[in-house]
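The structure is given below, and queries will be raised subsequently.
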Amino acid sequence: MLKTIPNFKLRCASKADKKAIKRFYHQQHYSAKFKGLDTSYLIEAANNSTPEHRVECQNKPFKENTKEIIACAIISQLETNNSQLFLHALVVHKNYQQNGLATQLLNYAIDAKVKNSKEEITSTVCFCEPSLISLYLKSHFICVSHEVLNPILNARYQTYLKKEPELKIMMFNV
C-alpha cells in the first residue's frame, strides 16, 4: 500500500549516518556493502512534519522530532583516477515506491558526485534487473555492452552475472 510522502530532504550522507544506512538496507532485505571511495546519498523523512504527513513504518509510529531514511543510494569511484563511477544500492522503502523518489535521488546523487569530484568523471554505470530499465531510461541512462566498462567494473559485472544472468548495464554519460 502506498503511503503519503512525508516532508523529505535529499542529502549527502555523513560518516555518522553509516549505521543508519546499514540498518535501512537490512530492513529492506537488501545487502549493501561500502566498496571504498563511496559516497552515500539519502532521502530522509522529517517525522516532525504536520499530522497529515505522519506515517507509520512497519506498524510502528514514528518518534517525534526524528528523521528516518526512506531511500538511499551509493556511488563508488572504486579507485582514484577512475572516470567511471559505479552506482549501486539504490533502494526506496517499499512503502514509498512508485512515487518518483528513486528518480529524484538518482539525479541528485549523480549531480552532487560529479560536481564535488576532484577527478574528471565521464560516466556513471549501474547493473540492473530488466524490470528497472525504464527507471534509468527516464534519467537519461542508456543500455550498453560490457565492452565499454573499465576493467574493474567489467570484472565486477562478470562476477555478478554468475548469480544474476539477466543483469543489464546502464550508463549515464556526463
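Return the residues of the stretch 90-120 that are over 20 Å from F34 (Cα atoms) and hydrophobic (A, V, I, L, M, F, W, C); say none if nothing qualifies.
Once the filter is applied, which keeps residues that are over 20 Å from F34 (Cα atoms) and hydrophobic (A, V, I, L, M, F, W, C), the stretch 90-120 yields only L101.
When the stretch 73-115 is examined, which residues are found to be of a type in the set (D, E, K, R) and either closer than 23 Å to F8 by Cβ or at pLDDT 95 or above (or both)?
To start, the set of residues in the stretch 73-115 that are of a type in the set (D, E, K, R) comprises 79, 94, 111, 113, 115.
Residues satisfying the conditions are K94, D111, K113, K115.
Same structure again: List every residue pair whose Cβ atoms sit under 8 Å apart, with the two residues 6 or more apart in sequence or on different chains, where the first one lies in the stretch 12-33 and is under 24 Å from D111 (Cβ atoms) and the second, anywhere, is in a helix (DSSP H, G or I) and among the aliphatic types (A, V, I, L, M).
Between residues of the stretch 12-33 that are under 24 Å from D111 (Cβ atoms) and residues that are in a helix (DSSP H, G or I) and among the aliphatic types (A, V, I, L, M), the close pairs are C12/A112; A13/I21; A32/I21.
Could I ask something else about it? When the residues of the stretch 154-174 are filtered to those that are modelled with pLDDT of 95 or more and of a type in the set (A, V, I, L, M), which remaining residue is surrounded by the fewest Cβ atoms within 10 Å (Cβ to Cβ)?
The qualifying residue surrounded by the fewest Cβ atoms within 10 Å (Cβ to Cβ) is A155.
The values are calculated or read from the model by the stated rules, or taken from the named source; none is laboratory data. Predicted model only: the values in this text are computed from it and were never measured. Note that we place each Cβ from the backbone using ideal geometry, even for glycine, and neighbour counts take in every protein chain shown.
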